[in-house]
Amino acid sequence: MDFEQFKFLKTNQLPQKIELKSTSPSNIALVKYWGKADIQIPKNTSISFTLSNCYTATQLQLVAKTKVEEKTQIKVELDGVSTPSFHPKIEKFLKLIEEYCPYVNHYHFSIQTQNTFPHSSGIASSASGMSALAMCLMQLEKKIDPEVSHDFILKKASFLARLGSGSASRSIQGKLMLWGKHAQVNESSDLYAIALKQDLHPIFKDYQDSILLVDKGQKKVSSTLGHSLMNGHPFAEKRFEQAQHNCSDLLEILKSGNLEAFMTLVESEALTLHAMMMSSRPYFMLMTTNTLAVLNAIWEFRKTTRIPVCFTLDAGANVHLLYPKQHQKNVVHFIDQSLKQYCENQQVIHDEVGKGAEIIE
Ligand code: DP6
């Protein structure tokens, strides 16, 4: 694998003090990433919708150390509140990327970050958070070396974000992202995600995602533990093969706009992810009775109205309802009437596919 291209080799003068800003959205996987090898190499290809309203805005302040050997000071504020519990994750991230971004060792870090979605809503903030931080670092690289191309900025941002959190690699661009080597997609890579731009059926260009906050509690299975459950899992190899096939099928569906096939594939992926967790050792059940009530209600609604709405799930109890924009009114009405009752504090976040991360100048 070509890691060399990501090494920052310029010896230009580094700024003494600089403030960098970016925003980056969350994303929702259609074909799931579940299982990885070192370091952050996915066991199968995944495909996701980039979201729009659920995003992280990050300001990164870098102040040069007097000596490189000085211990790096890290400050993190989430919504204006000092959050030292994030420090270990940031320290680990900086260690992982120093080979590619040696300049990080010259600075003390002060990070201010805000999420548009409620904290501990069960929506993973690692994808938007790590990709926003990666974009800030690429803004710095651009300032040090103005010649760097936009394409390279996006590619390396995804590469760095991946080292922070695998799914974060898929938040850099939109509207559909593919991460992990796939035999049918020449430019695909395990090291970064790419945007699926060609031949996208118009129906997917403004697809809706309404997120039902069924359980806003802390994640019951951390992603580190979750992925490790696939090591030695009796069905792992079959699952990884299946994901490759599902990616092939989904690539076709994204061109044809065949919504029946789309819904079957996406729901099967979500249930398979949960089936993997239920059949691992230790085993986990992350759906609650309310999750099941929502799934049954969606199936019933689809049967009676023939409106093409389907669901997907992350590693938790929340449900994402996916549907074409033209059905927004009916689906929102259905959510208000029949599904909100299963959500904590009746909370629902309406989102749609978006265009990815941005550097704020
Ligand atoms: C179920 O990206 O959170 O959401 O690489 O350990 O940070 P790490 O894992 P993470 O895993 C996401 C798993 C998932 C499926 C997906 O987004 O593809």
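The values are calculated or read from the model by the stated rules, or taken from the named source; none is laboratory data. Fair warning: this is a prediction, and the values are worked out from it, not measured in the lab. So basically every Cβ, Gly included, is an ideal-geometry build from the backbone, and we count neighbours across all protein chains shown. Side chains are part of the model used for accessible areas, which takes the heavy atoms of the whole protein and leaves out ligands, DNA and RNA. Shrake-Rupley method; radii C 1.70, N 1.55, O 1.52, S 1.80 Å.
For the chain, the share of accessible area belonging to carbon and sulfur comes to 51 percent (1.4 Å probe, ligands and nucleic acids excluded).
The label-point distance for Lys220 and His119, in a model that sets each label 7 Å from Cα toward Cβ, rounds to 2.5 nm.
What is the distance in Å between the Cα centroid of the stretch 10-24 and that of the stretch 184-257? The distance from the Cα centre of the stretch 10-24 to that of the stretch 184-257 comes to 33 Å. For the pair the stretch 42-94 / the stretch 325-361, the C-alpha centres are spaced 27 Å from each other.
Express the relative contact order of the stretch 183-279 as a whole percentage, based on alpha carbon pairs under 8 Å and six or more residues apart in sequence.
Details: 27 pairs, mean separation 38.3, N = 97.
Computed value for the stretch 183-279: 39 percent relative contact order.
How big is D, in µm² s⁻¹, for the stretch 202-352 by Stokes-Einstein at 37 °C and 0.692 mPa s if Rh is the Kirkwood radius over C-alpha pairs? If you can, show how the numbers build up before the last one.
On the way: Rh = 16.4 Å.
Roughly 201 µm²/s, to the nearest whole number.
In terms of accessible area, using a 1.4 Å probe and ignoring ligands and nucleic acids, His201, His350, His320, His150 rank largest first as His150, His350, His201, His320. Helix 87-97 axis versus longest C-alpha principal axis of the chain: approximately 70°, rounded to the nearest ten. Global size of the chain: 20.3, 68 Å for Rg and Dmax (C-alpha atoms, Rg to one decimal, Dmax whole).
Considering helices alone, the calculated mean residue ellipticity of the chain at 222 nm is -10500 deg cm²/dmol, with DSSP H runs of length four and up weighted by -39500 (n - 2.57) and normalised per residue. Cα axis of helix 150-164 to longest principal axis of the chain: angle in degrees, 0 to 90, nearest 10? Tilt relative to the chain: about 80 degrees.
Before I look further, what does the chain give for accessible area per residue, probe 1.4 Å, in whole square angstrom? Write down the numbers at each step before the final one.
Details: 16390 Å² over 361 residues.
Using a 1.4 Å probe on heavy atoms only, each residue of the chain averages 45 Å².
When only Cα pairs below 8 angstrom with a gap of at least 6 residues are kept, the stretch 171-231 shows a relative contact order of 24 percent. Across the stretch 36-48, coupling constants 3J(HN,Hα) worked out from phi with the 6.51/-1.76/1.60 Karplus curve, θ = phi - 60°, read 8, 10, 6, 9, 6, 9, x, 7, 8, 6, 10, 10, 9 Hz, and Gly and Pro carry x.
Estimate the FRET efficiency between Ser110 and Val332 by the formula 1/(1 + (r/R0)^6), using the beta-carbon distance for r and 35 Å for R0, to the nearest 0.05. E(calc), rounded to 0.05, equals 0.30. In sequence order, the stretch 338-347 has phi-based couplings of 10, 10, 4, 4, 8, 9, 5, 6, 6, 8 Hz under the Karplus curve 6.51 cos²θ - 1.76 cosθ + 1.60, θ = phi - 60°, and Gly or Pro positions carry x.
Within the set of other residues whose C-beta is less than 12 Å from the C-beta of Leu273, count the net charge using Lys and Arg as +1 and Asp and Glu as -1. In short, -1. If you run the Gaussian network model on the chain, springs between alpha carbon atoms under 10 Å, then out of Asn318, Asn330, Asn27 the most flexible one is Asn330.
Assuming R0 = 22 Å, can you tell me the calculated FRET efficiency for the pair Leu9 and Lys89, based on Cβ-Cβ distance, to the nearest 0.05?
Values: r = 27 Å, r/R0 = 1.24.
Rounded to the nearest 0.05, the efficiency is 0.20.
DSSP beta bridges fully contained in the chain are about 90 percent antiparallel.
Given the options Ser149, Ser121, Ser131, state which has the largest fluctuation in a GNM of the chain using a 10 Å cut-off (strictly under) for Cα springs. Result: Ser149 has the largest fluctuation of those listed.
For the pair Lys197 and Thr66, label points projected 7 Å from Cα toward Cβ lie 4.9 nm apart.
Need one number for the stretch 186-287: average projected area of the convex hull over its C-alpha atoms, nm². Walk me through the numbers before you get to the answer.
Working: hull surface 32.6 nm².
Value for the stretch 186-287: 8.2 nm².
Evaluating 6.51 cos²θ - 1.76 cosθ + 1.60 at θ = phi - 60° for every residue in the stretch 171-188, the Karplus couplings come out as 9, 6, 10, x, 8, 10, 10, 10, 10, x, 4, 9, 3, 8, 10, 3, 7, 5 Hz, glycine and proline recorded as x. Under the simplified labelling scheme, the Ser149-Thr305 pair shows an inter-label distance of 4.6 nm, with each label point 7 Å from Cα along Cα→Cβ.
Cβ under 14 Å from Leu212's Cβ, Leu212 left aside: what net charge do those residues give with Lys, Arg +1 and Asp, Glu -1? Residues near Leu212 contribute -4 overall. If R0 equals 25 Å, the separation of the Cβ atoms of Glu77 and Glu344 corresponds to a calculated FRET efficiency of about 0.45. Note on Lys197: lysines with a C-alpha under 25 Å away, same-chain residues under 8 apart excluded, are Lys32, Lys43, Lys142, Lys155, Lys156, Lys175, Lys181, Lys205, Lys255, Lys325, Lys355.
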